[in-house]
């Protein structure tokens, strides 16, 4: 899977709906993984946390609400955006889902365009590094869609790792991240890199940014941040 795309976990046991969702979401340029039960979904979340979960209410082993509660009670995963996707359309059902921690609620049958719009909004607000709008800071501009980076009036050539790092820092300005946090959030735990590799990527990023290098600050004893201050 491409590390630059958001990954959406579909928790649904009806194969026809899984395939419809897979087609709809992949067509919108997101990665899709699927689980047919609460147990399988929880295993996937721990192995490789997704960026957003589409969660069916009725599942063969447990209620989707139980997975929702488990995620919200987890210190590691509680911030994952979750959209309940279900045939339960009564107002009290929607209220129950939202009160248990769902971020949004979509009823079946659903409009693919509406679903894409809701996923896009949640990713933009909860996972800003996966927004598709041009990102700016000082003389730096990054266009996620074209993968073009410019400093001032010049487009620059930037490596894949440095692009991912810059994109993440631009999405979270004025926030200090430790090397360990950057490994987890930029590359993911499934990638075998160490803290020294983070330092090397920061050095390479500063080099290619030229006059924009001053935006990448080292916070002694903590890590790195991007700030115009």
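One residue stands out among those in region 170-222 that are at positive phi and more than 21 Å from the chain's Cα centre (by Cα): the one that is surrounded by the fewest Cβ atoms within 10 Å (Cβ to Cβ), which is 221. For residue 167, the stated conditions do not hold, so it cannot be described as at negative phi and surrounded by fewer than 18 Cβ atoms within 10 Å (Cβ to Cβ). Every listed requirement among (1) crowded, with 18+ Cβ neighbours inside 10 Å; (2) under 14 Å from the mean Cα position of the chain (by Cα); (3) over 18 Å from residue 31 (Cα atoms) is met by residue 161 save one, (2).
Residue count for region 22-42 satisfying the condition of being surrounded by fewer than 20 Cβ atoms within 10 Å (Cβ to Cβ) and over 18 Å from the mean Cα position of the chain (by Cα): 5.
For residue 200, indicate whether it is out of contact with any strand residue (DSSP E or B) (no Cβ under 8 Å at 6 or more places or on another chain), free of Cβ contacts under 8 Å to residues at least 40 places away in the same chain and under 28 Å from residue 78 (Cβ atoms). For residue 200, the condition - out of contact with any strand residue (DSSP E or B) (no Cβ under 8 Å at 6 or more places or on another chain), free of Cβ contacts under 8 Å to residues at least 40 places away in the same chain and under 28 Å from residue 78 (Cβ atoms) - is not met. Within region 149-179, the residues that satisfy the criterion of being in a loop (DSSP other than H, G, I, E, B) and over 12 Å from residue 224 (Cα atoms) are 152, 153, 157, 158, 159. Criterion applied to 182, 165, 205, 226 was being within 25 Å of residue 51 (Cβ to Cβ), in contact (Cβ under 8 Å) with a residue 60 or more places away in the chain and touching a helix residue (DSSP H, G or I) at 6+ places or on another chain (Cβ under 6 Å), and the one residue passing it is 226.
Since every read-out is calculated from the coordinates, none of them should be taken as a lab result. These numbers come from a predicted model, not from an experiment. A quick note on method: Cβ atoms are made from the backbone with ideal geometry, for glycine too, and the neighbour counts reach across all protein chains shown.
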